[in-house]
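Peer 1: Questions regarding the structure given below will be posed in turn.
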């Protein structure tokens, strides 16, 4: 059987989006994909980068493309097609993470943080990919 190794996001700026998710999810670069010293050329950052969970649980990859059409979700014009689900342990943590997530460059797209059964917020990353943070 095939094994899922990574989820790949297309982006017009692989380094920028990798840094966003590295900070958001406390991930680490695959060896060799780390950012170069300031002012140095970044050939990998213009092609393909891979981040890994520190416990080896999953990988998130970034593929440089010439264009990305951000989803319009929750509107119907451009569907989300896929999204990432993340979780926190409490509504308090959901609220704490909200400001941090926005400061990293995300945009709030949907807020159901007051739902007593499944509080969550959905955001668009800097390229318009959707990811959710829910309590669970």
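Peer 1: Please determine whether any residue of segment 14-23 is assigned to a loop (DSSP other than H, G, I, E, B) and in contact (Cβ under 8 Å) with a residue 24 or more places away in the chain.
Peer 2: no
Peer 1: Another question, then. Report, ordered by the first and then the second residue, all pairs with beta carbons closer than 8 Å, sequence separation of six or more or different chains, a first member in segment 62-82 that is in contact (Cβ under 8 Å) with a residue 24 or more places away in the chain, and a second member that is loosely packed, with under 10 Cβ neighbours inside 10 Å and in a loop (DSSP other than H, G, I, E, B).
Peer 2: Note: pairs meeting the criteria are 71/81.
Peer 1: Among the residues of segment 106-119, is there at least one that is under 26 Å from residue 5 (Cβ atoms), in contact (Cβ under 8 Å) with a residue 40 or more places away in the chain and not assigned by TED's automatic domain parsing to the domain that holds residue 11?
Peer 2: Yes, segment 106-119 contains a residue that is under 26 Å from residue 5 (Cβ atoms), in contact (Cβ under 8 Å) with a residue 40 or more places away in the chain and not assigned by TED's automatic domain parsing to the domain that holds residue 11.
Peer 1: Follow-up question, since we're still on this one. From the list 92, 111, 47, 55, pick out the single residue that is in contact with a strand residue (DSSP E or B) (Cβ under 8 Å, 6 or more places away or on another chain), surrounded by fewer than 16 Cβ atoms within 10 Å (Cβ to Cβ) and within 27 Å of residue 136 (Cα to Cα).
Peer 2: Of the residues listed, the single one that is in contact with a strand residue (DSSP E or B) (Cβ under 8 Å, 6 or more places away or on another chain), surrounded by fewer than 16 Cβ atoms within 10 Å (Cβ to Cβ) and within 27 Å of residue 136 (Cα to Cα) is 111.
Peer 1: Can you confirm whether segment 29-44 contains a residue that is over 24 Å from residue 113 (Cβ atoms) and in a helix (DSSP H, G or I)?
Peer 2: yes
Peer 1: If I ask for residues that are within 15 Å of residue 65 (Cα to Cα) and touching a residue at least 12 places away in the same chain (Cβ under 8 Å), which ones from segment 24-49 would you list?
Peer 2: Within segment 24-49, 44, 45, 46, 47, 48, 49 meet the criteria.
Peer 1: Across segment 7-27, what is the number of residues that are in contact with a strand residue (DSSP E or B) (Cβ under 6 Å, 6 or more places away or on another chain) and surrounded by 13 or more Cβ atoms within 10 Å (Cβ to Cβ)?
Peer 2: Selection size over segment 7-27: 10.
Peer 1: Condition first: under 15 Å from the mean Cα position of the chain (by Cα), at pLDDT below 90 and within 20 Å of residue 126 (Cα to Cα). Now tell me which residues in segment 30-69 satisfy that.
Peer 2: Selection gives 68 alone.
The values are calculated or read from the model by the stated rules, or taken from the named source; none is laboratory data. Computed from a prediction, not measured in an experiment: that's the story for all the values here. Don't worry about glycine lacking a Cβ; one is built from the backbone with ideal geometry, like all the others, and counts go over all protein chains shown.
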